[in-house]
1. If I filter the range 56-64 for residues that are assigned by TED's automatic domain parsing to the domain that holds Leu126 and outside any helix (DSSP H, G or I), do I get at least one hit?
2. Looking only at the range 86-99, which residues are in contact (Cβ under 8 Å) with a residue 12 or more places away in the chain and either of a type outside the set (D, E, K, R) or touching a Leu at 6+ places or on another chain (Cβ under 6 Å) (or both)?
3. Name the single residue, out of those in the range 65-82 being out of contact with any strand residue (DSSP E or B) (no Cβ under 7 Å at 6 or more places or on another chain) and not in a loop (DSSP other than H, G, I, E, B), that is surrounded by the most Cβ atoms within 10 Å (Cβ to Cβ).
4. For the range 171-189, give me the residue count where each residue is over 20 Å from the mean Cα position of the chain (by Cα) and either among the basic types (Lys, Arg) or at pLDDT 95 or above (or both).
5. Any idea how many residues of the range 83-98 are part of a loop (DSSP other than H, G, I, E, B) and either within 27 Å of the chain's Cα centre (by Cα) or within 18 Å of Ile61 (Cα to Cα) (or both)?
6. Filter the range 106-163 for residues that are surrounded by 22 or more Cβ atoms within 10 Å (Cβ to Cβ) and in contact with a His (Cβ under 9 Å, 6 or more places away or on another chain) and give the result.
7. Restricting attention to the range 181-206, report how many residues are surrounded by fewer than 17 Cβ atoms within 10 Å (Cβ to Cβ) and not in a helix (DSSP H, G or I).
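The values are calculated or read from the model by the stated rules, or taken from the named source; none is laboratory data. Quick caveat, the model's predicted, so the values are computed rather than measured. Because the Cβ atoms are built from the backbone with ideal geometry, glycine has one as well, and the counts that use them run over all protein chains shown.
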Amino acid sequence: MVLGVQSHVFTLNDSGGEQRSWATLDLEIVAAYTRYRVPELISIFTVLAGLIFGSFLNVCISRLPQHESIVRPRSRCPVCRSPISSWDNIPILSWILLRGRCRACRSHISRRYPLIEATTAALFLLSILQFGMSFQGVAACVLCWLLLGLAAMDAETMLLPDALTVPGTALGVAYSGFYAGEHFFAWRAAGESLLAAAVAAAFIMLIRWLYWLARRREGIGLGDAKLLAMIAAWMGLWQAGLALFLAVVAAAAYGLILIALRRRLATASKLALRIPLGAFLGAGGIFALFEGMDALKWYFDLYR
């Protein structure tokens, strides 16, 4: 190995009197630089990539529920429809410099835009820090992007577009096959991923059907079934089950708070309370991605 060859032509004595070659010293300097500088450079690149993809995610959140193209027209003010220049479209920075207003009409621009950009960057960085700059780390970034976007869409519009859930499920199946493949692609792992997605969707559909029999109205949307199927395709049934459990608990707590606020403000309504379960499913999926295995291990250890 070339890097293992050490030159003994030029040597120096350290404080202990031992001779060390210049080549050895050079390799130590390079190793130290790599150890401390490369992670910083990777982190900076990851955050910048997260900001860019977060900006694009904002476009998807705004347009996909309305069945609009995410390619054309270019970014525009949601109020006056004036095109947004490149200088006014820098993630987070432009929103701060413009004080959250459109340059053309001075109307308010939602805080959702910088929040999504910052959250995407944070999730990308967390993915790389936990899983490394690897196939698994990049896949975690993709899954976080999908889950965050779907959660935000459901929170805003109560919709979970097929444009993200269906391709997201296909990507999860493909990831399972490539990640488990020793040579190229593991068809069995991909099949198990697809089966997990089908079982997760069937479980939600069963709950939906039972609720319909009891109340004669829809209780869970089809989009929620597709979202849970996507989570199961990426992470398997155990972590998908954890995500669903956390989502149900959080949604129930959210519903109780809303009911209490309605009564306190004397604004009780006969309309059914609608809760964006998909938003909580997305959050539960992100938790399951990073802490799911540890949480499941802790739970099962209680019964040993």
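1. The answer is no, given that none of the residues of the range 56-64 is assigned by TED's automatic domain parsing to the domain that holds Leu126 and outside any helix (DSSP H, G or I).
2. Applying the first criterion (in contact (Cβ under 8 Å) with a residue 12 or more places away in the chain) to the range 86-99 yields 88-89, 91-92, 95-96.
Within the range 86-99, Asn89, Pro91, Ile92, Trp95, Ile96 meet the criteria.
3. The qualifying residue surrounded by the most Cβ atoms within 10 Å (Cβ to Cβ) is Pro65.
4. Summing the residues that are over 20 Å from the mean Cα position of the chain (by Cα) and either among the basic types (Lys, Arg) or at pLDDT 95 or above (or both) in the range 171-189 gives 1.
5. Counting residues in the range 83-98 that are part of a loop (DSSP other than H, G, I, E, B) and either within 27 Å of the chain's Cα centre (by Cα) or within 18 Å of Ile61 (Cα to Cα) (or both) gives 4.
6. none
7. Final tally of qualifying residues: 5.
Conditions (1) under 30 Å from Gly191 (Cα atoms); (2) out of contact with any strand residue (DSSP E or B) (no Cβ under 7 Å at 6 or more places or on another chain); (3) of a type in the set (Val, Ile, Thr); (4) modelled with pLDDT under 95, marked per residue:
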{"residue": "Trp234", "(1), (2), (3), (4)": "yes, yes, no, no"}
{"residue": "Val249", "(1), (2), (3), (4)": "no, yes, yes, no"}
{"residue": "Ile259", "(1), (2), (3), (4)": "no, yes, yes, yes"}
{"residue": "Leu265", "(1), (2), (3), (4)": "no, yes, no, yes"}
{"residue": "Ala279", "(1), (2), (3), (4)": "yes, yes, no, no"}
